[in-house]
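Colleague: Would you mind keeping the following structure in view while I ask a few things?
Each reported figure results from applying straightforward, stated rules to the coordinates on display, with no laboratory input. Computed from a prediction, not measured in an experiment: that's the story for all the values here. Ideal geometry is used to build each Cβ from the backbone, glycine not excepted, and the neighbour counts take in all protein chains shown.
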Amino acid sequence: MATTATDILEKPPAASAERAMEEPGLKMFIYFSALQGRPVLCADRRRIGKLADLKVRLGEAFPRMTALVIKRRMKKKLLEIDWGKIDSLNGNKIVLAAGAEASLRPLDVNPEELLLKDELLDKQVVDTFGAKIERVNDIHLIALNRDLHLVHVDFGVRGIVRRLGWLKALDSFSSFFFSYRLPEKLISWKYVQPLAADLRNKDLKLNVTARRITELHPSELADILEELDRANRSRLFQSLGVEMAADTLEEMDDSRLQAALIESASADKASDILEEMAPDEATDLLADLPEGRKQNLMRTMEKPSRDAVEELLKFREGTAGSIMTKDFIALPKDATIGDAIEEIRKTTYPLECISYLYVTDPKGFLLGVATLRNLLSADRATPLKKIMNARLVKIGPEEDIEDAAKLFRKYKFMALPVVDPQNILQGIITLKDIMEAVME
């Protein structure tokens, strides 16, 4: 029966890592810290240098080591040699096969490869299982059938103590005096998103097939971006697609961070992101940018999005108009429920924006409102004027946010229409909008 990744992770180790390199079928976990610095010898036991790093190729759930990186004494230039050229790991030494030294070559790393020490150890990574940022303190490997695989990263204190060489002493002390042992804190590599930059082009090493970062909820991704240092934050944000980037920016609480991220994107991508965002969210973000940058971005936006943003920017901060959105559905009173359902099917608005359907005359005069429940409880041929509620609660765009909040508290609305003095529908304020505004 073939050995699976689950077998590797769940079955107990059966031999030493050194024997596992020599006897097919044996397997053993080993930490990178136990290998780092080991002398590398030729088959005739002449010393070449010491192990400085290991190189893996991304793309598998548990990537396989492809090469050793060797540091020679008094030499700055690193060399590499294929993992298959190893004869044994016995006696805390790495011995190469006969004639293998002829295969030594200068280190070269391509975007599909990762250096464990240089690009992973002591670096920030994204734990996509726990949706948080962690620092890698050690790297957990498994020797299997003469191959070495990356299976876990160690985020715990044990990893630090192990690298200092104090782990046995600390375990003995804590076990004897406190009957306690520092717990392991490992997470499977398949849940780890490395943020290491390529040595040449400084781009994120993202492997879409093996990574789940784009499957995170935008609010979780926003939290992760807020935790990262500036360089990794910018790289990660730039790696996101337009829709994910827009959703993530909307979930961020820090307006200065939002502005910094949108400024880090190219002008074309930044304008695409702003068009994808809800108009009120895009307006808030643009308001925090320098005037020159704001005008440049608005000029590159498509006209419908630009017009919506320009209209919202007219309202002073702290008013109902400054937090309303143009995302709403309005239909004439003679439109049927069937027409309304088709309109809802075509829209991409968030659910809170379609909690209500607004009924207007041809000039936009607000006549009434219908709920989704109204639409589902009547025949599709029924005109909206038959089911709409003409007793409206509304607010003017220049009224204070606190006045809007009072209406939400009193009537328990999901959304509130905003009308001008002539009762022309200008936009809506959603429950989410008002909660964010009040909390801020």
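Colleague: HN-Hα J couplings of the range 111-126 from phi, Karplus 6.51/-1.76/1.60, θ = phi - 60°, integer Hz, Gly and Pro as x?
Modeller: Along the range 111-126, the couplings run x, 8, 10, 9, 8, 4, 6, 6, 10, 10, 5, 6, 9, 7, 9, 9 Hz.
Colleague: Turning to a different aspect of this structure: For Gly368, enumerate residues with amide H under 5 Å from its amide H, sequence gap 5+ or separate chain, H modeled in the peptide plane.
Modeller: Val359
Colleague: Ignoring everything except DSSP H segments at least 4 long, calculate the 222 nm mean residue ellipticity for the chain; use -39,500 (n - 2.57) per segment, divide by total residues, nearest 500.
Modeller: Calculated from helices alone, the mean residue ellipticity at 222 nm is -10000 deg cm²/dmol.
Colleague: Moving to a separate point now. Given (i) 19; (ii) 48; (iii) 25 as candidate values of percent of Cα pairs over 36 Å apart, which corresponds to the one derived from the coordinates?
Modeller: (ii)
Colleague: Relative contact order (percent) for the chain, with alpha-carbon contacts under 8 angstrom and 6 or more residues of separation?
Modeller: 9
Colleague: Shifting gears a bit: To make sure I understand the rule: partners must be lysines, Cα under 16 Å from the Cα of Lys85, and not fewer than 8 residues away in the same chain. Which ones qualify?
Modeller: Partners within reach: Lys50, Lys55, Lys93.
Colleague: So, one more: Is there a pair in Lys314/Lys386; Lys363/Lys386; Lys385/Lys412; Lys76/Lys132; Lys303/Lys394 whose C-alpha atoms are over 31 Å apart, and which pairs would that be?
Modeller: Check vs 31 Å cut-off fails for Lys314/Lys386; Lys76/Lys132.
Colleague: Please state the charge dipole magnitude for the chain, taken about the Cα centre, from unit charges on C-beta atoms (+1 on K and R, -1 on D and E), reported in debye and rounded to the nearest 20.
Modeller: In total the dipole reaches around 2300 debye.
Colleague: Okay, moving on. I'd like the Kirkwood hydrodynamic radius of the range 64-198, using the inverse of the mean 1/r over distinct C-alpha pairs, in Å.
Modeller: Final number for the Kirkwood radius of the range 64-198 is 17.1 Å.
Colleague: Determine the shape class of the range 340-388: with a ≥ b ≥ c the square roots of the Cα gyration tensor eigenvalues, call it rounded for a/c under 1.5, and otherwise prolate if a/b is greater than b/c, oblate otherwise.
Modeller: Cα axes put the range 340-388 in the oblate bin.
Colleague: Now, a different point. Could you pull out every one of the aspartates and glutamates with an alpha carbon less than 19 Å from that of Lys346, ignoring same-chain neighbours closer than 8 positions?
Modeller: Straight-line reach from Lys346, under 19 Å: Glu243, Glu275, Glu276, Asp327.
Colleague: Amide H to amide H under 5 Å from Asp154: which residues, 5+ apart in sequence or cross-chain, H placed 1.01 Å off N in plane?
Modeller: Result for Asp154 returns Asn137, Asp138, Ile139, His140.
Colleague: Another question, if that's okay. Be a star and scan the range 301-328 for residues whose amide nitrogen sits under 14 Å from the point 7 Å along the Cα-to-Cβ vector of Glu398.
Modeller: Only 314-317, 319-322 fall inside the zone, counting backbone N under 14 Å.
Colleague: When the chain is modelled as a GNM with alpha-carbon springs shorter than 10 Å, which of Pro194, Pro362, Pro111 fluctuates the most?
Modeller: Top of the fluctuation ranking is Pro362.
Colleague: Fully extended, how many nm does the chain gain between Asp334 and Asn389 (0.36 nm per residue separation, minus their Cα-Cα distance)?
Modeller: The Asp334-Asn389 span can extend by a further 18.4 nm.
Colleague: Using a 10 angstrom cutoff on alpha carbons, build the Gaussian network for the chain and name the most mobile of Ala169, Ala260, Ala278.
Modeller: Ala169
Colleague: Running a GNM on the chain with Cα contacts under 10 Å, which residue among Ala390, Ala246, Ala43 ends up with the highest mean-square fluctuation?
Modeller: Fluctuation is largest for Ala390.
Colleague: Tell me, Trp83, Trp189, Trp166 in order of fewest to most beta-carbon neighbours within 10 Å?
Modeller: Trp166, Trp83, Trp189
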